[in-house]
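Taken together, the values in this text are just the output of simple stated rules run on the coordinates, not laboratory data. Keep in mind it's a predicted model, so treat the numbers as computed, not measured. Glycine also receives a Cβ, built like all others from the backbone with ideal geometry; neighbour counts cover every protein chain displayed.
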């Protein structure tokens, strides 16, 4: 637990013995969330990415750091995310072009976008 100090006398109450063994974060794999089919033929992981927050403050206009948004999008396939939920109304007209630009054209990953 980053930034939290646990006194030894209270450790057994606040953090059970199993905590130290299980508390290290393993690599996220969205594929472990299971899959479902869109239109009966496109299988996507249940854990997807909602692109609404790729916009500016209050879901309007350009984001403060567009390059960071694109870096996040390009990292999604590494996390097993193969479904992006976006809409032209986010921004408006900001989220969809960003998801298209951030899409990784990599034969190892197939991503689907829904709008």
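Put in line by how crowded their Cβ is, counting other Cβ atoms within 10 Å and starting with the fewest, 28, 76, 70 read 28, 70, 76. Rg and Dmax of segment 28-114, both derived from C-alpha coordinates alone, stand at 12.9, 38 Å.
Here the spin labels are modelled as points 7 Å beyond Cα on the Cα-Cβ line, and at residue 93 and residue 62 they lie 1.5 nm apart.
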